[in-house]
């Protein structure tokens, strides 16, 4: 069967505090707002979680979404906190400069050079110079109850390559040059609680039905069948949303449409600040 030509895109967090989160991601991690979008009602593909309310999406990272793995912060206007489970472990970033900024901004640095974003999401910071060409984000680590079953899914069905493997963890991805997904086996049930996230990849438009076929043939979960999503004033894209054996959400968006949709918008930073100010 044809291999999927995938590309790692971003990880989605539910953001409980836009003002504090914007400070953390910009002033401490040193990322920039790449685009910001406001929506009047919930997403058909539940990008903002199971909420039908007004919400926003902020894409933030170290560079263009064409060649960097970034963070998607979804903000549900009436929701100010989310119960956190044990499903998400952390994101690893190579950047001693992040640690220097954290000290300068009096942001707590936990043992092992760990920073905690608003919402309790952890970032593991490597005390090494931040690369100037390669993406500083190295991997996203999530929990699983059986590494073997998870690898059967991610490698065996979806076709991600295995780059590193030990008894309890493995790093997978489509390309060596991109951020990896690290699967770490834990000795307790996975609790996704309310703060659960979603990892996103792209693939060619004509390969999305192949993913649909692979998942159906293997009797795994499809949360949202192939669906076209509109963004006001921007390109419509097609997505399919899956769930792995531990119910981690996985999005595959068509690469052609997404590259057009995800172009940097220089007005986004000011737009986000405007909406944050309106909430006071």
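Laboratory data are not the source of any read-out in this text; all were calculated from the coordinates shown. All values derive from a computational prediction rather than experimental measurement. Counting neighbours? That spans all protein chains shown, and the Cβs are built from the backbone with ideal geometry, glycine included.
Numbers for the structure displayed
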| quantity | calculated |
| --- | --- |
| All positions within the stretch 74-107 that are out of contact with any strand residue (DSSP E or B) (no Cβ under 7 Å at 6 or more places or on another chain) and without any contact (Cβ under 8 Å) to a residue 40 or more places away in the chain | 78, 96, 100, 103, 104, 106 |
| Selection status of residue 128, surrounded by fewer than 16 Cβ atoms within 10 Å (Cβ to Cβ), in contact with a helix residue (DSSP H, G or I) (Cβ under 7 Å, 6 or more places away or on another chain) and closer than 30 Å to residue 21 by Cβ | yes |
| Any hit, the stretch 231-239, residues being buried (at least 19 other Cβ atoms within 10 Å of the Cβ), touching a residue at least 12 places away in the same chain (Cβ under 8 Å) and under 30 Å from residue 86 (Cα atoms) | yes |
| Residue satisfying condition, being touching a residue at least 60 places away in the same chain (Cβ under 8 Å), under 30 Å from residue 144 (Cβ atoms), in contact with a strand residue (DSSP E or B) (Cβ under 8 Å, 6 or more places away or on another chain) and assigned to a helix (DSSP H, G or I), within set 211, 190, 215, 199 | 211 |
| Which listed residue is closer than 30 Å to residue 58 by Cα, surrounded by 14 or more Cβ atoms within 10 Å (Cβ to Cβ) and touching a helix residue (DSSP H, G or I) at 6+ places or on another chain (Cβ under 6 Å), from 222, 162, 199 | 222 |
| Odd one out for residue 154, checked against (1) assigned to a helix (DSSP H, G or I); (2) touching a helix residue (DSSP H, G or I) at 6+ places or on another chain (Cβ under 8 Å); (3) crowded, with 20+ Cβ neighbours inside 10 Å | (2) |
| Complete set of residues in the stretch 82-108 that are surrounded by 13 or more Cβ atoms within 10 Å (Cβ to Cβ) and over 15 Å from residue 26 (Cα atoms) | 82, 84, 85, 86, 87, 88, 89, 90, 91, 92, 94, 96 |
| Only one of 215, 240, 211 that is over 27 Å from residue 118 (Cβ atoms) and in contact with a helix residue (DSSP H, G or I) (Cβ under 6 Å, 6 or more places away or on another chain) | 240 |
| Positions within the stretch 7-17 being closer than 12 Å to residue 179 by Cα and touching a helix residue (DSSP H, G or I) at 6+ places or on another chain (Cβ under 9 Å), in sequence order | 7, 9 |
